[in-house]
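Only one structure is covered here, and it is reproduced in the block below.
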Amino acid sequence: MANITLTGTEVLEVLPIQSNGLPAAATGQTTTQAIANLVSSGTVRGTFVANGAVGVVVAAPTVALTSVIAISFKTLGGTQGAQPTVTALNAGVGFTVVGTALDTSTYNFVVV
């Protein structure tokens, strides 16, 4: 496992990260609870709709070049393929994601 430090206007916490990219849960805590704690700590979150293999710019003004963007599936649209990938970070503006051809699904994101 590796550690990352979450930063913004303050250092939030240092969490061990599992090989699947999710934060490792503290003793007695599920991964879902660990993520919920991150989300409730003031991180930016929202949704975006994939546009196939065409990049989608997602507004997230707190994004920094060191930000980590976690993406999860929300609602099926079109033909879902691989999970969208972050292809660019634009500090202070947001990020760009690219999906799979014909995927118009809605995805959740959280910026940490």
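The values are calculated or read from the model by the stated rules, or taken from the named source; none is laboratory data. This one's a predicted model, so the numbers in the text were calculated from it and none came from an experiment. Methodologically, a virtual Cβ is constructed for each residue, glycine included, from the backbone with ideal geometry; neighbour enumeration extends over all protein chains shown.
Tabulated results
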| item | result |
| --- | --- |
| Scope the range 69-91; condition loosely packed, with under 14 Cβ neighbours inside 10 Å and out of contact with any Ser or Thr (no Cβ under 8 Å at 6 or more places or on another chain); matching residues | 72, 85, 91 |
| Residue pairs meeting the criteria (Cβ under 6 Å; at least 6 apart or on separate chains; first within 19 Å of residue 101 (Cβ to Cβ) and acidic (Asp, Glu), in the range 55-74; second at pLDDT below 90 and surrounded by 18 or more Cβ atoms within 10 Å (Cβ to Cβ)) | none |
